[in-house]
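Enquirer: Okay, handing you the structure first.
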Amino acid sequence: MQRDNSSLVERLKAGKNLKLVEENTSLNMRKHYIDNLRWIILLILIPYHAAMAWNSWGEPNYIYFESNRVISSIIVFFSPYFMPLLFVLSGVSTKYALQKRTNKQYLIERVKRLLIPLLFGTIVLMPIMTYIADKFNCSYTGGLLKHYAIFFTKYTDLIGADGGFSFGQFWFLLYLLVISVVGICVITLLNKIIVKPKLTIPFWMILVLGLPLPLLSELLSIGGKSLVEYTYLFLIGYYVFADEEVVDKAEKNNFLLFGVGLIATILNVYLFVWSDVELTFLNIITKYVSEWIMVIALIGLAKRYLNFGGKTSDYMNRRSFLFYIYHFIWVVLFQYILYGFVGNTTIILFIGSVLLSYLMTFICCEISIRIPGLCFLTGTKYIANK
């Protein structure tokens, strides 16, 4: 009887160890669908930021032509969910990163990956973008070097459309750096005070996790970007979407989720851009349903259709961060240049600036990835002959 009990204990331990091995193996495996989803989302940024020059709600921009509802619909179609999705994916990536790194190693890596590119972008690229904005929007006649003094001394709305100081698109790096530090503290604290068994998260609970978003979005919000909301999404990525069982549930229900999310997104576009009747409460509902449901749906769809490696995937993964750093300056520059040639011809301005920006952004990526100094400044790894 004692031998039987001992044998049973050994089998249970073996089963537990096997489960732990499987979980660790799952965490250490490269999640291609996360990488692929990330660079696809980043590719959308060029038409998204180009469209801001025609936003119909009058938001200041580096270049602003006139209100255009059709082009504004592009912005509102993607805006509810694509930045939240990036923060969720960052949380997932952090989960995998911490399987191979100590907290100290992770934070040092974050400084190299985020802080240095943040300083490079803010000091080198943003003054050029705000210089163009100052010339276009405020009829500034001074030179670029003189404008540097204006950029670092003029603090207004932090958007930069008037030539003043702005982090521009590099706000994402700033937020992600802060959230990474806060996130590590929260994760470390929770790991010490909570001994948690492996829990199965039901599908309905995944949906419920989106309910706090409207309230969180109002906390520590700078220019409509809530540090609290994005920290929450980062931690949801770490604790929830790094779990393959959760992703499997999202994959299993992806068509239903995508259908609901798409309907909410289209309604949000109609209510915000096209409707002449102000329905604020309904607009809030459609926006946050679109945000959360599309995040879940796109992760599920990515797991089903984007879980692959290969040359294209590797190529884009190596350049996606560089793409983010360089894309916006080319959008602003080409819109300014094209306006001088074709005037306010919307189709040529939009399509031309988008295509030329893609071309020059990828050229910049190819140059930057081959120069060790630029790799350091942009937080990317230099690989010879790549």
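The values are calculated or read from the model by the stated rules, or taken from the named source; none is laboratory data. What you see is a predicted model; the values in this text were computed from it and never measured. Here the Cβ is made from the backbone with ideal geometry for all residues, glycine too, and neighbour counts use every protein chain on show.
Enquirer: Select from region 111-157 the residues that are among the basic types (K, R) and in a helix (DSSP H, G or I) and list them in ascending order.
Expert: The answer is K112, R113, K135, K146.
Enquirer: Given L271, L209, L279, L219, which one is in contact with an Asp or Glu (Cβ under 8 Å, 6 or more places away or on another chain) and either of a type in the set (A, V, I, L, M, F, W, C) or at negative phi (or both)?
Expert: The unique qualifying residue is L219.
Enquirer: Condition first: over 18 Å from the mean Cα position of the chain (by Cα) and charged (D, E, K, R). Now tell me which residues in region 273-302 satisfy that.
Expert: Scanning region 273-302 gives D276, E278.
Enquirer: Could you list, in sequence order, all residues of region 323-347 that are polar (S, T, N, Q) and crowded, with 23+ Cβ neighbours inside 10 Å?
Expert: Q335 - this is the single residue of region 323-347 that is polar (S, T, N, Q) and crowded, with 23+ Cβ neighbours inside 10 Å.
Enquirer: Please tell me if I63 is part of a loop (DSSP other than H, G, I, E, B) and buried (at least 21 other Cβ atoms within 10 Å of the Cβ).
Expert: Yes: the conditions hold for I63.
Enquirer: Considering each residue of region 113-136, count those that are over 30 Å from I179 (Cβ atoms) and either free of Cβ contacts under 8 Å to residues at least 24 places away in the same chain or surrounded by fewer than 18 Cβ atoms within 10 Å (Cβ to Cβ) (or both), and give that number.
Expert: Number satisfying all stated conditions: 1.
Enquirer: Kindly indicate whether any position in region 158-171 is under 29 Å from V289 (Cβ atoms) and touching a residue at least 60 places away in the same chain (Cβ under 8 Å).
Expert: Within region 158-171 (the criterion being under 29 Å from V289 (Cβ atoms) and touching a residue at least 60 places away in the same chain (Cβ under 8 Å)), the answer is yes, since at least one residue qualifies.
Enquirer: Could you list, ordered by first residue, the pairs with Cβ atoms under 7 Å in which the first is in region 283-304 and without any contact (Cβ under 8 Å) to a residue 24 or more places away in the chain and the second is assigned to a helix (DSSP H, G or I) and surrounded by fewer than 23 Cβ atoms within 10 Å (Cβ to Cβ), at least 6 apart or interchain?
Expert: As it stands, the answer is N283/L271; N283/F272; T286/A264; T286/L267; T286/L271, since those pairs meet every condition given.
Enquirer: Sticking with this structure for a sec: So is L235 within 30 Å of L115 (Cα to Cα) and modelled with pLDDT of 90 or more or not?
Expert: For L235, the condition - within 30 Å of L115 (Cα to Cα) and modelled with pLDDT of 90 or more - is met.
Enquirer: Restricted to region 43-78, and to residues that are at pLDDT 95 or above and out of contact with any helix residue (DSSP H, G or I) (no Cβ under 7 Å at 6 or more places or on another chain), which residue is nearest to L322 (Cα to Cα)?
Expert: The extreme case among them is L43.
Enquirer: Here's a check for you: in region 348-366, which residue that is within 13 Å of F323 (Cβ to Cβ) and free of Cβ contacts under 8 Å to residues at least 60 places away in the same chain is surrounded by the most Cβ atoms within 10 Å (Cβ to Cβ)?
Expert: If we take residues in region 348-366 being within 13 Å of F323 (Cβ to Cβ) and free of Cβ contacts under 8 Å to residues at least 60 places away in the same chain, then C365 is surrounded by the most Cβ atoms within 10 Å (Cβ to Cβ).
Enquirer: If you don't mind, there's one more thing I want to ask. Exactly one of these conditions fails for L43: (1) crowded, with 22+ Cβ neighbours inside 10 Å; (2) under 13 Å from the mean Cα position of the chain (by Cα); (3) hydrophobic (A, V, I, L, M, F, W, C). Give me its number.
Expert: It is condition (1) that L43 fails.
Enquirer: Quick check: anything in region 173-196 in contact with a Phe, Trp or Tyr (Cβ under 9 Å, 6 or more places away or on another chain), over 27 Å from M83 (Cα atoms), surrounded by 12 or more Cβ atoms within 10 Å (Cβ to Cβ) and not aromatic (F, W, Y)?
Expert: no
Enquirer: Within region 187-246, considering only helices (runs of 4 or more DSSP H) that don't extend past its boundaries, which have at least 1 residues that are aromatic (F, W, Y)?
Expert: Counting at least 1 such residues, we get 203-208, 227-236.
Enquirer: Could I ask something else about it? Would you confirm whether or not region 221-236 contains a residue that is closer than 24 Å to T94 by Cβ, free of Cβ contacts under 8 Å to residues at least 12 places away in the same chain and not polar (S, T, N, Q)?
Expert: Scanning region 221-236 turns up no residue that is closer than 24 Å to T94 by Cβ, free of Cβ contacts under 8 Å to residues at least 12 places away in the same chain and not polar (S, T, N, Q).
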